[in-house]
Ligand code: SF4
């Protein structure tokens with residue numbers, strides 16, 4: 001059977017963080033039931049079309065999936081298992097926030113088959129957490145990790161953020177140490193992006209918040225790479241670090257362009273070479289609209305995506321797989337660009353893979369653009 005990954009969006013949060021432009025809608029507690037009914041209906045609608053599939057990974061993202069009653073998560077997984085067989089080693093991740101977990105909820109998640117928890121920690125500095133509008137304190141992150149361990153979860157990720165307004169290198173080091181001190185096997189470290197229309201963007205525009213310049217951001221990123229590597233968490237993607245065997249298999253499906261079905265509001269899908277998405281707003285989704293912006297990918301689209309996504313990973317672009325998929329060696333027509341990027345220390349080619357160096361990863365978009373344009 002062909003593998004399928006499921007992404008399930010839970011668009012509810014207790015309050016909106018200052019930097020957030022994700023599809024998350026605080027204050028809509030009264031619609032949890034209606035939302036999950038709609039989501040279960042959407043899932044059921046795929047039964048016939050995707051009957052030849054086995055579920056390899058599931059990812060509940062948000063929003064804050066740990067905010068809603070755990071019974072919704074359990075029921076969603078039970079219904080999915082009635083539609084598709086699950087691989088015996090299926091990875092089932094639940095995203096959530098410290099401050100919303102309880103031992104009771106964790107027991108339900110475990111019973112339902114969730115075997116990986118991904119927690120939005122962001123920082124271990126209470127002042128920075130407050131300025132980000134997070135609902136939890138640094139102490140609650142540790143409590144949540146200990147509670148999760150107590151409930152039998154060992155595969156735990158912490159999301160951290162750097163390049164925050166006012167964040168010093170010392171604060172970032174302290175956050176890395178605190179996260180490592182909790183002994184989690186996976187850490188995601190993201191640079192803050194100030195998204196238009198958010199309260200954070202307004203603060204930056206008014207001059208009340210100042211984001212670090214590129215050099216400072218690069219220094220913070222380098223600190224994460226070296227400190228996490230020293231602790232045994234190797235970088236395997238631009239923003240992701242794991243002990244061997246704890247890489248997030250669901251996210252690897254995205255970077256390897258495997259098939260995934262996104263269910264719920266704002267969820268995106270790639271199934272059999274077609275991309276599509278659901279309405280970005282809760283009301284749009286509840287109105288019943290589905291499978292918007294369908295795009296059947298051309299060979300050129302697939303090439304661009306393959307290059308863009310594979311070079312995010314430290315495994316890199318598989319040159320033999322490229323030739324087999326697209327009928328010509330990747331290097332053909334790109335010789336000069338490859339030589340220039342290699343001489344500049346942005347890429348390296350070895351063992352049949354093209355990889356970005358740490359320097360190249362800092363400017364991944366530009367490197368990819370140069371390689372794409374070299375072929376035109
Ligand atoms: S918890 Fe996540 S999804 Fe919810 S408001 Fe904050 S950043 Fe957005």
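Brief remarks on what is shown
- Distance between the pseudo-spin-label points of residue 315 and residue 351 (7 Å out from Cα toward the beta carbon): 1.2 nm.
- A straight chain from residue 169 to residue 104 at 0.36 nm per residue would run longer than the Cα-Cα distance by 19.6 nm.
- Extension gain for the segment residue 217 to residue 274, taken as residue separation times 0.36 nm less the Cα-Cα distance, is 16.9 nm to one decimal.
- Put the Cα centre of segment 321-359 next to the Cα centre of segment 221-283 and the gap is 23 Å.
- Taking a ≥ b ≥ c as the square roots of the eigenvalues of the Cα gyration tensor, an a/c ratio of 1.5 or more together with a/b no larger than b/c marks segment 156-268 as oblate.
- Taken along its three principal axes, the alpha carbon spread of segment 298-376 comes to 30, 24, 20 Å, from the longest extent down to the shortest.
- Ordering 154, 277 by the number of other Cβ atoms within 10 Å of each residue's own Cβ, fewest first, gives 154, 277.
- Added length on full extension, which subtracts the Cα-Cα distance from 0.36 nm per residue, residue 52 to residue 283: 80.0 nm
- In terms of the mean number of neighbouring beta-carbon atoms within 10 Å, the peptides 4-13, 158-167 order highest first as 4-13, 158-167.
- Three-way shape call for the chain based on the alpha-carbon gyration tensor, with the a/c threshold at 1.5: oblate
- Distances between every pair of Cα atoms in segment 185-331, grouped in 5 Å steps from 0 to the bin holding the largest one, split as 2, 8, 12, 13, 15, 16, 16, 12, 5, 1, 0 percent.
- Normalised by the number of residues in the chain, the average gap of Cα pairs under 8 Å and 6 or more apart makes the relative contact order 14 percent.
- Rg/Rg_globular for segment 19-92, with Rg_globular taken as 2.2 N^0.38 Å and Rg from C-alpha atoms: 1.22
Each value in this text was obtained by applying a stated rule to the coordinates, not by laboratory testing. As the structure is a prediction and not an experimental result, all values here were calculated from the model. When we count neighbours, we look across all protein chains shown, and the Cβ atoms used for this are built from the backbone with ideal geometry, even at glycine.
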